[in-house]
Structures are given as structure tokens and as C-alpha cells.
Ligand SMILES: N[C@@H](CCC(=O)N[C@@H](CS)C(=O)NCC(=O)O)C(=O)O
């Protein structure tokens, strides 16, 4: 799939910005926060993922917008921009009259931390480079609880229409076996290694924050780096990992507490909840308290870092 702004339109429209997105999708949240931060109005088109009820990403209509069957897709005057890290950069440059950022130390640091938090390529690989790629496996328990509210035939439709069949098979397994699917050695190991790799990224984040001279990651401005990290920290909280991963990281904890008070976070995440997500989070909390396997997994991973 190509990335960034394309030179063709996928929709006849008079709207400057259209965002195809999903309430629960981490990458969509990142782009919503960025649009709010920059005060840009957009036409919102909500597209369901299987976790929120059905495979709308694999529908004939949406495949015309993105043949890759993923959200978010941002349209600028009808032209698609693919990949959320490209979309936020595009919004940022557009809001500053397309001025190219200078190669200052500050810009280099912003790019480094933004890239680190991005989700790039296959989300179950390259965890040492991209903290964003660890998030898929760490969300497996929440996928399982959300999918318990989705009829199995909706997932089966994905086997016919979805271009990334491997993802559909994983969701089907999560639907059929629920939390028990996580007991399979390759899945349990993938969650374990994602947890440890993400912890290393967070240790680096803690060190960076402890030496930051301003109130955000790179100084006093809330940058693309902060936007990219807010959605990761938030996902860890909703999946019940934050009490383990934020422990002994007072700067990360304080940073996330500050992010949660920011208007763009409230508009882009808190006001954009979803019934399946709320039920999934509440069920997962109970599982973490009561399910023997999840309890022991948390205990083991907590000790491993
Ligand atoms: N690297 C892409 C990742 C896009 C992506 O995987 N999006 C997920 C939601 S966060 C999705 O649309 N999944 C649809 C599916 O798996 O069926 C980006 O940053 O935009």
C-alpha cells in the first residue's frame, strides 16, 4: 500500500477534511487528537472494525477508500492520505502553511519519538524499533472480551471479504476460544515479548521525561510526539497493563495524568467511546481479578521487568 497523500481523489466532496475512523482504533484516536489540537473541522465517517461489531473496513464501499481495509484514512479535498503517522504530519504541516520543519535538535527529537510510537508494517514485528507495534498483541485480551459481543457470522464474513486473512483468523480464534486462546504458547510468548519490549521503550520515555525542560516530552509545546504517545499510554490503561508498566515510572505516570486533562484527548478519546469497548473493558477488569490464567500472566510479567 502507498503511504502519505495520493495524487487522485476517492470521493467527490466539497468538504476540506473527511476522516474515516473508528472509536476504538488507536491510530484513529491519534489523528482525531491531532485534528482537535490544530482546530480543524472534519466530516466524521465512523467505520466499524470487527471489535466494534462488524467488518465495515472490508465492505465494498470502504475498500474503494482504502483497498488495504484499515482505518484511519484522512481525505484532504477528496484525496486520501494513508497511514496515521503520515496523516498527523500532513495535518501539522498544513496547519503551518506547509512550511518545512527545520532540522533542529528539537525537530529531530520530535521525529524520533513520533516514529518510535508509530504502528508500521506488520503490527506483530519490529517491536524493538516501534513501541506502537507492541500494542496489537497487548490488546489481545481486550479483543477477546469485545468479540464476545460480536456474532460469529460477522467474523466469518471477513474470511470472504477482508484482504488480510491472517488478521481475521486471529479474531475468529479469539471469538471461539476467548481468553483461553491466549494460553497457546506462541500467543502467550508474543504477549510476553511485546510486554518486555514495550517496557524498554517506556524506560527510555521515563528517562527522557525526567530530563525534559518543559512540561511535555520535547519542551513546552504539545507536539506530534506527545499525541503519538498519549494513545499508547491510554491503550495500556484500558487493557489493564498500566498498573504494571507505569510502576516505578513516576514521570510517565505524571505525564499521562496531564495528557488526560488535555481538551483534545477528552474530545478525541473520552467523548468518542463505544458500547462494545465499554463492555469489553469492564469484562476484562473482572477477568484480570478472577481468571486464574490472566492473574498469573500479570503476576509473571510484572516480575519480569
Ligand atoms: N499502520 C497503520 C495501521 C492501521 C491499522 O491497522 N488500523 C487498524 C485499527 S487501529 C484497522 O483498521 N484494522 C482493521 C482490521 O484489522 O480489520 C496506520 O498507522 O494507519
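Scan 264, 210, 228 and give me the residue that is under 20 Å from residue 136 (Cα atoms), part of a helix (DSSP H, G or I) and in the same structural domain as residue 199 (by TED's automatic domain parsing).
Being under 20 Å from residue 136 (Cα atoms), part of a helix (DSSP H, G or I) and in the same structural domain as residue 199 (by TED's automatic domain parsing) holds for just one of 264, 210, 228, which is 228.
Inside region 246-257, can you point out the residues that are out of contact with any helix residue (DSSP H, G or I) (no Cβ under 6 Å at 6 or more places or on another chain) and either surrounded by 15 or more Cβ atoms within 10 Å (Cβ to Cβ) or outside any helix (DSSP H, G or I) (or both)?
Listed by number, the residues that qualify are 247, 248, 253.
Would region 174-182 turn up any residue that is within 18 Å of the chain's Cα centre (by Cα) and surrounded by 15 or more Cβ atoms within 10 Å (Cβ to Cβ)?
So far as region 174-182 goes, no, none of its residues is within 18 Å of the chain's Cα centre (by Cα) and surrounded by 15 or more Cβ atoms within 10 Å (Cβ to Cβ).
Considering region 134-167 alone, what residues qualify as being in contact (Cβ under 8 Å) with a residue 60 or more places away in the chain and either in contact with a strand residue (DSSP E or B) (Cβ under 9 Å, 6 or more places away or on another chain) or within 11 Å of the ligand (Cβ to nearest atom) (or both)?
135, 139, 143, 155, 158, 161, 162, 163, 164
Anything in region 138-153 that is part of a helix (DSSP H, G or I), over 17 Å from residue 70 (Cβ atoms) and in contact with a helix residue (DSSP H, G or I) (Cβ under 8 Å, 6 or more places away or on another chain)? List them, or say none.
Residues satisfying the conditions are 138, 140, 141, 142, 144, 145, 146, 147, 152.
Looking only at region 119-129, how many residues end up being within 11 Å of the ligand (Cβ to nearest atom) and surrounded by 22 or more Cβ atoms within 10 Å (Cβ to Cβ)?
So the count comes out to 1.
Contact list please: Cβ distance under 7 Å, first residue in region 101-122 and within 17 Å of residue 216 (Cα to Cα), second residue away from the ligand (no atom under 16 Å from the Cβ) and part of a helix (DSSP H, G or I), pairs at least six apart or on different chains.
Close Cβ pairs satisfying both conditions: 116/201.
State which residue is farthest from residue 167 (Cα to Cα) when the search covers only region 109-127 and only residues that are over 14 Å from the mean Cα position of the chain (by Cα) and outside any loop (DSSP other than H, G, I, E, B).
Among those that are over 14 Å from the mean Cα position of the chain (by Cα) and outside any loop (DSSP other than H, G, I, E, B), it is 109.
Would you pick out the residues in region 11-38 that are over 12 Å from residue 72 (Cβ atoms) and touching a strand residue (DSSP E or B) at 6+ places or on another chain (Cβ under 9 Å)?
11, 13, 15, 16
Could you tell me whether residue 200 is part of a helix (DSSP H, G or I) and surrounded by 13 or more Cβ atoms within 10 Å (Cβ to Cβ)?
Yes: the conditions hold for residue 200.
Checking residue 18 against (1) closer than 20 Å to residue 154 by Cα; (2) crowded, with 21+ Cβ neighbours inside 10 Å, which test does it fail?
(1)
The values are calculated or read from the model by the stated rules, or taken from the named source; none is laboratory data. Here the structure is a predicted model, which is why all the values come from computation and not from measurement. In this analysis, Cβ positions are derived from the backbone assuming ideal geometry, glycine residues included, and neighbour counts consider all displayed protein chains.
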